[in-house]
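The values are calculated or read from the model by the stated rules, or taken from the named source; none is laboratory data. Keep in mind the model is a prediction, meaning the values are calculated, not measured. FYI the Cβ positions are ideal-geometry reconstructions off the backbone, even for glycines, and counts take in every protein chain you see. Accessible surface areas use protein heavy atoms only, side chains included; no ligands, DNA or RNA. Shrake-Rupley method; radii C 1.70, N 1.55, O 1.52, S 1.80 Å.
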Amino acid sequence: MEPELLSMVPRPVCAILLLFPVTEKYETFRTEEEAKIKAEGQEVKPSVYFMKQTISNACGTIGLIHAIANNRDKINFETDSSLKKFLDDSMPMSPEERAKYLETYEAIRVTHESSAHEGQTEAPSIDEKVDLHFIALVNIDGNLYELDGRKPFPINHGQSSDDTFLEDAVEVCKKFMERDPDELRFNAIALAAA
């Protein structure tokens, strides 16, 4: 997260996937943050693609969908792409409808399951309780959004730009780390130019 190391990340960065531990401190913060936003409100642009997570242990898949769906203009999909079809079909849906649609969308389910089994460690079963969680951070129309399917809505973290997105997103990541200073289980992945 240091500036000299961030300078090695290819630009532009389209999204950051953050993996973090779900701890008691985090859950307390999440509840307080939700209540504050419900009371005070926030701006969420209509162009934000957001979906709920209803499938257990699918936060990585949901994070990738959030990252890709909110950067469609920067991605060249293959003509017969299952993901492109899913995004096209689900674009007019509500976050809850998108989640239900994903539950029945066979091509992504099969890809998710086969990818989970290709890793170096054994993937948890769909019902196993895990204490790590993926979210996506994206720049949409000049605002940095946190997209977490466990939350009822996107979180607007304020202004950003294509030029400052990586540094802005890192500041959000650092806040997650500062809330749990005794934890080491954090990882950030940039979706960037090849």
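The table below gives the values:
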| read-out | value |
| --- | --- |
| Accessible area per residue in Å² at 1.4 Å probe, computed on region 1-50 | 60 Å² |
| Farthest positive-ward along the chain dipole, Cα basis, beta-carbon charges - from Pro3, Ile62, Leu18 | Ile62 |
| Area projected by the alpha carbon convex hull of the chain, averaged over all directions, nm² | 11.6 nm² |
| Violating pairs (Cα-Cα greater than 24 angstrom) within the set Lys100/Lys174; Lys36/Lys74; Lys85/Lys175; Lys38/Lys175; Lys151/Lys175 | Lys100/Lys174; Lys36/Lys74; Lys85/Lys175 |
| Given charges at beta-carbon only (K, R positive; D, E negative), |dipole| of the chain in Debye | 360 debye |
| Average silhouette area of region 145-194, convex hull of alpha-carbon atoms, in square nanometres | 4.6 nm² |
| Equivalent ellipsoid dimensions for region 21-86 as semi-axes, Å, which come from the Cα gyration tensor, largest first | 29, 17, 9 |
| Peptides 101-107, 10-16, 135-141 ordered by average Cβ neighbours within 10 Å, highest first | 135-141, 10-16, 101-107 |
| Heavy-atom accessible surface of the chain: percent carbon and sulfur, 1.4 Å | 53 percent |
| The chain - mean residue ellipticity at 222 nm from DSSP helices (-39,500 (n - 2.57) per run, n ≥ 4, rounded to 500) | -12500 deg cm²/dmol |
